[in-house]
Each structure stands twice: as structure tokens, then as C-alpha cells.
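Visitor: First the structure, which I've put down as C-alpha cells, then a few questions once you've had a look.
The values are calculated or read from the model by the stated rules, or taken from the named source; none is laboratory data. Only a predicted model underlies this, so the values are computations on that prediction, with no experimental measurement involved. Cβ: placed from backbone, ideal geometry, glycine included. Neighbour counts: every protein chain shown. These area figures cover heavy atoms from the full protein model, side chains too; ligands, DNA and RNA do not enter into them. Shrake-Rupley method; radii C 1.70, N 1.55, O 1.52, S 1.80 Å.
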Amino acid sequence: RVGALVALTEARLAQGKVAAAAQSQTSLAAVAPGAPITQLLAGRIDLARGDLSGGISQLEKVLARAPDLLAARLYLGAAELSQGNLQQAQQQLEQVVQASPDNVAARKLLASVRLRLGEPEAALSALTPALESQPADPGVLSLIGAASRGTGDSRSAVEALESQLKTHSKDEAAALNLAQLQAATGDLVAAKSTLSAALATHPDALPLRLALAKVELAHGDVKDGEATLDQAVAAQPAQAPLLEEAGALLLAAHQYDAALTRFAQATVLEPGNALYWLNSARAQLALNETAAARESLLKAAHARPGWVPVVGMLAMMDVHAGNGQAALARVNALVASQRKDASAL
């Protein structure tokens with residue numbers, strides 16, 4: 001019965017049915033209240049509910065009683081990472097990797113921690129065994145690409161990805177990460193070639209098409225880049241996040257009119273999304289449309305009151321308009337409402 005309740009709770013968690021998982025975990029607690037797995041599942045349910053502090057507390061109690069329970073240590077490391085406690089996360093995950101060298105999930109999490117700590121070489125050392133055991137894992141490939149860019153020496157990662165594509169020519173993740181590395185090293189022609197070849201095999205792969213548009217825009221092929229974005233949007237019409245991403249790529253390429261068109265389309269679909277209005281304002285300011293930008297920012301502020309980027313942009317617009325008192329009033333009101341927010345301060 002205990003085994004069945006554990007399996008049922010884990011299955012429900014895997015399906016995202018947190019309330020149902022909590023019910024079966026409660027039944028488990030009635031049958032086996034002192035079992036470490038009971039408390040481990042309680043901690044996982046807290047994490048699934050977004051209660052990081054509660055989940056961490058539960059997992060720490062499990063490990064105090066059962067220090068060799070690697071699953072608890074893995075979830076604790078992931079929770080510490082989510083909360084930004086990087087040193088604590090690294091400590092837990094290093095113990096998991098040391099005890100279970102073949103644990104790819106732990107290696108990926110450990111690499112993520114080391115990247116955030118600014119240690120790309122250490123991240124690569126954690127990932128290399130994972131690449132050997134699971135060469136087609138998209139997460140491993142993506143992290144290796146990020147770590148290689150951080151070290152400034154992407155040759156080994158490029159070679160690994162090229163080798164992967166030779167044996168698995170349809171590996172979308174490998175093609176995407178290889179192109180990203182090629183673009184990061186300035187070889188935009190090779191990146192475009194890699195993505196074009198991958199799209200011939202995966203014509204409906206949105207990440208590949210967006211990456212190709214980014215490379216084309218970076219290469220100065222504005223017409224091709226916009227055409228590629230048009231194809232992506234046409235394949236998934238009326239998708240506000242896609243329109244916003246297309247606008248962001250165009251904004252980064254200084255194509256402000258085209259970017260504003262995409263952002264405007266996104267705001268029509270989701271008028272309550274503050275990010276879309278904020279990005280509209282950025283494009284409008286680049287086009288010197290200050291009145292329209294202020295109106296967009298006010299809509300963003302209405303959708304998400306007290307959001308620091310919006311208040312900051314409105315305050316700077318007040319300053320440039322010669323209205324320093326209004327700018328100061330905005331900032332003082334923000335700090336008064338968010339005294340513990342470092343970005344507000």
C-alpha cells in the first residue's frame with residue numbers, strides 16, 4: 001500500500017496535479033508517517049505549490065534523518081537554485097554528483113549553478129560526462145554552449161556538436177546550439193548555413209526559424225530576417241508571445257518601425273500584458289514618438305502597478321521634459337511601497 005501511494009503521488013506530481021498529489025500524500029502520511037519518502041513528497045508538494053521556503057525546510061528535515069537519500073538532496077539543490085542560494089545549491093548538487101556520477105539531472109543543475117556563479121570552466125567539467133552518456137539531451141547541449149561561450153573557447157563544444165550532427169543529422173537541439181555557438185564566435189555565415197539545413201528537415205521548428213531570423217538580422221540581412229519572422233508568425237498566427245519575441249529581435253536590430261508593428265499586434269491580442277506595452281514604448285522612444293511612448297507606459301503601469309522598469313522610464317521621461325519634481329515623486333512613491341526591493345532603491 002505504501003508503494004502504491006508513493007507511486008500515485010509521484011505520478012500526480014509529474015502530471016502537475018498538485019491538489020490530487022497532496023491528497024494521496026496525506027493518505028501516505030496516515031500509513032507511514034515516519035518514512036523519509038513521506039516527508040520528501042511533502043517537500044516536493046510544497047515546491048510544486050511555489051512554497052520554496054516550506055519545501056526547503058521539509059527537505060532539510062528529510063536529509064537530517066536520511067543523509068543518503070539522493071533524491072531529497074537533488075530536489076533541495078534545485079530548490080536552493082530557484083531561490084538564488086547558489087552556494088547552498090552547489091554544495092547539495094556536488095554531493096549528488098559525487099555519489100551518483102551518472103545522474104545527468106544533477107549534472108545539469110550543477111552546471112547551471114556554476115554558470116550563475118561565473119564559473120564556466122567548472123560548468124563544463126560537470127557537463128562533459130553527461131554529454132558522453134546522453135549526447136542528444138537538449139539541456140546538456142544548451143548548457144555546454146553557454147559554458148563554452150563563457151570560457152571564450154567554443155572549439156571543443158563546436159566539435160562535439162558537429163560530431164553529433166554527423167551521426168544524428170535530424171537532431172534539432174544540436175543544430176540550434178551549434179548555430180548559437182557559431183554566431184557567438186562571429187561566424188554568422190556558418191550559423192545561417194547550419195540553421196537553414198536544420199529547417200529543411202524541421203520546417204515547422206519555431207526555435208530554429210527565430211534563431212535564423214536573429215542571425216540574418218545580425219548579419220545585416222534585414223529583408224531576409226523580416227521575411228523569416230513573417231514565416232514564423234504566419235505558421236502560428238495570433239500568438240502574442242511570438243509577436244513579442246519577433247518585435248524584440250527587430251528592436252535589437254534597430255528596426256524600430258517593424259518592431260513597433262509587432263509589439264502593437266501583441267498588445268491588441270493581450271492588452272493587459274505590461275511587458276508588451278513597455279516594449280512598445282521602447283520602440284516609440286527610439287522613433288522619437290514621446291507622447292505615444294508615455295501613453296504606452298501609462299498602460300503598462302495600469303496593467304502592472306509599481307513595476308520598476310515602467311516607473312523608471314516614466315521618471316526619466318519626466319526628467320527630460322524638465323519636470324524633475326514629477327520624476328522625484330514617482331520614485332519616492334515607488335520606494336515607499338517597495339522598501340525591500342533593491343531595484344527600486
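Visitor: Per 0.36 nm of contour for each residue apart, how much would the distance between ALA238 and LEU269 grow if the chain were fully extended, relative to their Cα-Cα spacing?
Guide: Details: separation 31, 0.36 × 31 = 11.16 nm, distance 0.71 nm.
Contour length minus Cα-Cα distance gives 10.5 nm.
Visitor: Please give every one of the lysines within straight-line cross-link reach of LYS170, meaning a C-alpha to C-alpha distance under 29 Å, and leave out same-chain neighbours fewer than 8 residues apart.
Guide: Answer for LYS170, where 29 Å is the Cα cut-off: LYS108, LYS192, LYS214, LYS223, listed by chain and number.
Visitor: First compute the accessible area of the stretch 1-85 with a 1.4 Å probe, then give the percent of it belonging to carbon and sulfur atoms.
Guide: On the way: 2160 of 4060 Å².
Result for the stretch 1-85: 53 percent of the exposed heavy-atom area is carbon or sulfur.
Visitor: Sticking with this structure for a sec: Give me the percent of the accessible area of the stretch 216-345 that comes from carbon and sulfur atoms, probe 1.4 Å, all protein chains in place.
Guide: Numbers: 3900 of 6920 Å².
Carbon plus sulfur share of accessible area: 56 percent.
Visitor: Okay, moving on. Full-extension gain between THR26 and SER82, please, as 0.36 nm times their residue separation minus the C-alpha to C-alpha distance.
Guide: Extra length available between THR26 and SER82 comes to 17.6 nm.
Visitor: Rolling a 1.4 angstrom probe over the protein heavy atoms, how many square angstrom per residue are accessible across the chain? Walk me through the numbers before you get to the answer.
Guide: Numbers: 17060 Å² over 345 residues.
Ligands and nucleic acids excluded, the result is 49 Å² per residue.
Visitor: With labels modelled as points extended 7 Å from the Cα through the Cβ direction, what inter-label distance (nm, one decimal) is found for ALA286 paired with SER100?
Guide: That separation, rounded to one decimal, is 4.6 nm.
Visitor: Ordered by residue, what ³J(HN,Hα) values in Hz, to whole numbers, does the stretch 194-206 give under the Karplus form 6.51 cos²θ - 1.76 cosθ + 1.60, where θ = phi - 60° and Gly and Pro are x?
Guide: Listing the rounded values in order: 4, 6, 4, 5, 5, 5, 5, 8, 10, x, 9, 7, 4 Hz.
Visitor: Moving on. Treating the beta-carbon of each Lys and Arg as +1 and of each Asp and Glu as -1, no other charges, what is the dipole magnitude of the chain about its Cα centre, to the nearest 20 debye?
Guide: On the way: 28 positive and 32 negative charges, 214 e Å.
Here the size comes out at about 1020 debye.
Visitor: Rg to Rh for the stretch 194-234: what is it, with Cα atoms only and Rh by Kirkwood? Write down the numbers at each step before the final one.
Guide: Numbers: Rg = 9.3 Å, Rh = 9.9 Å.
Reported Rg/Rh, Kirkwood definition of Rh: 0.94.
Visitor: What is the projected area of the convex hull of the Cα atoms of the stretch 260-345, averaged over all directions, in nm²? If you can, show how the numbers build up before the last one.
Guide: Details: hull surface 21.6 nm².
For the Cα atoms of the stretch 260-345, the hull's average projected area reads 5.4 nm².
Visitor: Along the Cα→Cβ direction, 7 angstrom out, place labels at LEU345 and ARG49. What is the inter-label distance in nm?
Guide: Taking the simple label geometry, LEU345 and ARG49 are separated by 3.1 nm.
Visitor: Testing the spin-label approximation: label points 7 Å from Cα along Cα→Cβ at THR261 and ASP230. State their distance in nm.
Guide: Inter-label distance under the simple model: 0.8 nm.
Visitor: Here is a further query. Under a cut-off of 20 Å between alpha-carbon atoms, report the aspartates and glutamates in cross-link reach of LYS61, not counting same-chain residues fewer than 8 places apart.
Guide: Cross-link targets: GLU10, ASP46, ASP51, GLU80, GLU94.
Visitor: Cα-based Rg of the chain per 2.2 N^0.38 Å, rounded to two decimals?
Guide: Numbers: Rg = 24.2 Å, N = 345, 2.2 N^0.38 = 20.3 Å.
My calculation over the Cα atoms of the chain gives 1.19.
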